[in-house]
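Asks: Could you have a look at this structure, given as structure tokens, before my questions?
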Amino acid sequence: QVQLAESGGGSVETGGSLRLSCASSGHTYSSWCMAWFRQAPGEAREGVASIDSDGRITYEQSVKGRFTISQDNAANTLYLQMNDLQPEDSAMYYCAARLGYRNCGIWQPKLAADWGQGTQVTVSS
């Protein structure tokens, strides 16, 4: 069990950039998976990117080449650098963690995980 808190969302124009942060309370597990999900109004929650304790990274196809996921283990913080933002990227972005797992890829949102409260990203033209 870990507490997660997202920040860094905001409103930008098409082509702009944002950097999301997910601060965690820390944990004692030697293996883990962390990921960013997003959900637009009326849409299902969608996996964006994931990273595990070994640094293994997976991206959703539509964000590949534009978004970068990273983690600072000493600071217990997960990041999502988002470049060349498009209107379809607009959503509430959530941080999630699965403790005791590795090589998770982007898992289905219904699987057990710890979740943050979300941070809003709005992209307009």
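Laboratory data are not the source of any read-out in this text; all were calculated from the coordinates shown. Quick caveat: nothing in here was measured; it's all calculated off a predicted structure.
Asks: Sorted from largest down, what three extents in whole angstroms do the Cα atoms of the stretch 1-68 have along their principal axes?
Replies: That gives 40, 24, 23 Å along the principal axes, largest extent first.
Asks: Okay, moving on. Taking the Cα centroid of the stretch 68-125 and of the stretch 1-47, what is the distance between the two, rounded to the nearest whole Å?
Replies: The stretch 68-125 and the stretch 1-47 have Cα centres spaced 3 Å from each other.
Asks: So what's the stretch 42-104 giving for Rg/Rh, alpha carbon basis, Kirkwood Rh from the mean inverse pair distance?
Replies: Rounded to two decimals, Rg/Rh equals 0.96.
Asks: While we're on this one: Provide the descending list of Cα extents for the chain along its principal axes, expressed in whole angstroms.
Replies: 44, 28, 25
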